[in-house]
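Engineer: I have a structure here, written as structure tokens, and I will follow up with some questions on it.
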Amino acid sequence: MNVFYEKLSDEDVAKKLEGLIGWESNNGRIFKRFDFNSYDETIDFVNKVAEIANAINHHPDMNVSFKSCVVYFSTHAVDGLSVLDFISAARLDLL
């Protein structure tokens, strides 16, 4: 099996979360709230997330509001979290 699709243990998840700022883990997924100054900034961010997700074929769930967006990552193929979720989260933090 591809290393990107191996389910991480709770210990691995906790360790990988230490390398990210503001991300949390709950119920087999990681998530972070991103805040913006306007709706246009929020939508620009959502569109950039879509570009990243399409490029690596790993798509998050998102809760989009007027000046914020909560992004949720999990790997459905493993029914939990994989390395791909943390790679994706780190890429979003670079935005």
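A short reminder: the numbers here are calculations on the coordinates, not readings from a lab. Computed from a predicted structure; not experimentally measured. Note: ideal-geometry Cβ built from the backbone for every residue, glycine included; neighbour counts use all protein chains shown.
Engineer: Ranking Leu95, Leu20, Leu84 by Cβ neighbours within 10 Å, fewest first, what do you get?
Structural biologist: Numbers: Leu95 11, Leu20 16, Leu84 21.
Result, fewest neighbours first: Leu95, Leu20, Leu84.
Engineer: Right, another one. So what is the relative contact order of the chain, in percent, for Cα pairs below 8 Å that sit 6 or more residues apart?
Structural biologist: Details: 127 pairs, mean separation 34.8, N = 95.
Value for the chain: 37 percent.
Engineer: Another question, if that's okay. Would you order Phe36, Phe66 from fewest to most other beta-carbon atoms within 10 Å of each residue's own beta-carbon? Walk me through the numbers before you get to the answer.
Structural biologist: On the way: Phe36 16, Phe66 8.
With the fewest neighbours first, Phe36, Phe66 line up as Phe66, Phe36.
Engineer: Would you mind ranking Ile30, Ile21, Ile52 so that the residue whose beta carbon has the fewest other beta carbons within 10 Å leads the list?
Structural biologist: On the way: Ile30 22, Ile21 10, Ile52 16.
Ascending number of Cβ neighbours within 10 Å: Ile21, Ile52, Ile30.
Engineer: Return the label of the correct value of Cα Rg over 2.2 N^0.38 Å, as calculated from the structure shown, out of [x] 1.06; [y] 0.99; [z] 1.46.
Structural biologist: [x]
Engineer: Report, ordered by chain and residue number, the lysines lying within cross-link reach of Lys7, taken as a straight Cα distance under 27 Å and ignoring same-chain residues fewer than 8 apart.
Structural biologist: Lys15, Lys16, Lys32, Lys48
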